[in-house]
1. Need a quick list: strands (runs of 3 or more DSSP E) entirely within region 71-146 having at least 3 residues that are touching a strand residue (DSSP E or B) at 6+ places or on another chain (Cβ under 8 Å) and either in contact (Cβ under 8 Å) with a residue 24 or more places away in the chain or open to solvent by 10 Å² or more (accessible area, probe 1.4 Å) (or both).
2. Which of (1) more than 16 Å from the ligand (Cβ to nearest atom); (2) modelled with pLDDT under 95; (3) crowded, with 17+ Cβ neighbours inside 10 Å does Pro348 not meet, given it meets every other one?
3. Just one of the numbered conditions (1) within 15 Å of the ligand (Cβ to nearest atom); (2) without any contact (Cβ under 8 Å) to a residue 60 or more places away in the chain; (3) open to solvent by 30 Å² or more (accessible area, probe 1.4 Å) is not true of Gln271; which one?
4. Considering region 388-416 alone, what residues qualify as being of a type outside the set (Asp, Glu) and part of a strand (DSSP E or B)?
5. So, in region 203-259, how many residues would count as being over 27 Å from Ile327 (Cα atoms), of a type in the set (Gly, Ala, Ser) and in a helix (DSSP H, G or I)?
6. Tell me which residues, restricted to region 186-203, are open to solvent by 10 Å² or more (accessible area, probe 1.4 Å) and of a type outside the set (D, E, K, R).
7. Counting residues that are in contact with a His (Cβ under 9 Å, 6 or more places away or on another chain), which strands (runs of 3 or more DSSP E) fully inside region 275-387 reach at least 2?
8. Looking at (1) modelled with pLDDT of 95 or more; (2) open to solvent by 20 Å² or more (accessible area, probe 1.4 Å); (3) within 13 Å of the ligand (Cβ to nearest atom); (4) not aliphatic (A, V, I, L, M), find the lone condition where Gly320 falls short.
Amino acid sequence: MRVNWSSCRPLVSIQEVTKVRRVGGNGASTRQLFKSTLARNEEARREDISGTDEWTNITPTIERLTNRKLLSNPAHPLTTLRDIIFSKFPEQEYTRANFLNPRVSVYENFDSLNITPDHVSRSKTDTYYLNKHKVLRTHTSAHQVESFRVYPTPGFLIAADVYRRDEIDRSHYPAFHQMEGGRWWSPEGTTSVKELVAKIDADTAKIPTSGIQIVDDTLPFHAGNPKQDRQPPEVCIAVTNHLKRTLEMVVGEIFQDIGKGDPSATKEPLQIRWIDATFPFTSPSWEMEVYWQGEWLELFGCGVTQQRVFDQAGHPERVGWAFGVGIERVAMVLFGIPDIRLFWSEDPRFLEQFAPGVVNTFKQFSRYPGTSRDFAFWLKDGTSPDQFHDNDLMDIVREVAGDLVENVSLIDKFTHPKTKRNSLCYRVLFQSMERTLNNDEINVLQDNIRESLKIKFAVELR
Ligand code: DAH
């Protein structure tokens, strides 16, 4: 969940900022301008190799989560939020796409999106691999190419479960949900850049303007957030205007709807701001944040879709945009849900508080006490602390204790001055959302975690 996409941005030597003005078309054929350079990787797309290998790191706990399908429950708060967001996009323009199976090819999740082979997000410590060729999707962007390829409408929307190896705390869980949207235009029927821009601008003019306060200090593009070589500047700007106007409208409507039932929410005017971002599959790229109930919530990651994505989709001549948004964090604020584990709760005291299409504040049933235990161990001789990844411990803890763990944190790390052996100490907070845990059962969990650590990582417990 903490992917730093910027590590794959090529370094720019001259940070000169290019101010861009709207300029008229130059009369060149747009088809010519968007000529494709990459052939679509058909073979990789069809890849469906099963079986396990040295890449396999999916655990039984995660496997079970892939079957939960929370979004199939119409009363689940995540479903309600998804439907509210979907309802703001015209149905005749945006196909609602379903991708129920979270198992996708490495090509779909990474290569098709221009994510370089050495990018950190591909590492085994961050991603669940079924084997060398298949992963649990780490983002709904894995379906962008397919969606740009097949749907008859110029737009699409996807909502689905995604998986990332991550730390354990109140707002991080190895499975969560994202929404993805995309919109494209074809130069077909136009004879110049100017006509294509006019077509995009006409669509932008149809989007209702939001009455909300918008702070946008970003430039249309600049050396650090560049336009693509294959796109004329005015096309990049037109696509950007449509993208920003769309997301501003969506956010304005959603938060105004929600604010209606909450008198305290209407006091402060809704504010949103745009900031520069970096994603391998868009350029230029942005993030939109919204100020809501006292905090800036990071909402959409988005940008002008890389032409290489359209190449992969078999439509190199198209231009367009895409966005992605994680839904748990927004749902936690809207429904007042304090811990991300609750979304996965099967306790009727959680589930029965919600009804389809209704945003209401969650009433905490009880706060059960937590107990922490420390796990201190020497790493195998010759192993540096960097070779033991936090996420390795996270998966062991989850396998043994499931959702009975609220938080895991590294509290100590040192190297013995004489032996040079490395020691780590993690603190695990055991806490159930549904009942009080007794000492005996915590002792069993503790023993099992210790045992697993010894077997899997040959550590020496202290
Ligand atoms: N896939 C990105 C993530 O998980 C979010 C995202 C950013 C999606 C930009 C997009 C996009 O479609 O254009 O962090």
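1. Those strands (runs of 3 or more DSSP E) span 94-97, 103-105, 134-136.
2. Against the list (1) more than 16 Å from the ligand (Cβ to nearest atom); (2) modelled with pLDDT under 95; (3) crowded, with 17+ Cβ neighbours inside 10 Å, Pro348 comes up short only on (3).
3. Unmet condition: (1).
4. Val405, Asn407, Val408, Ser409, Leu410, Ile411, Lys413, Phe414, Thr415
5. 2
6. Ser186, Gly189, Thr190, Thr191, Ser192, Val197, Ala198, Ala202
7. 319-326
8. It is condition (2) that Gly320 fails.
The values are calculated or read from the model by the stated rules, or taken from the named source; none is laboratory data. The structure displayed is predicted, hence computed values, not measured ones. Cβ: placed from backbone, ideal geometry, glycine included. Neighbour counts: every protein chain shown. To get the accessible areas, we keep the full protein, side chains included, count just its heavy atoms, and leave off ligands, DNA and RNA. Shrake-Rupley method; radii C 1.70, N 1.55, O 1.52, S 1.80 Å.
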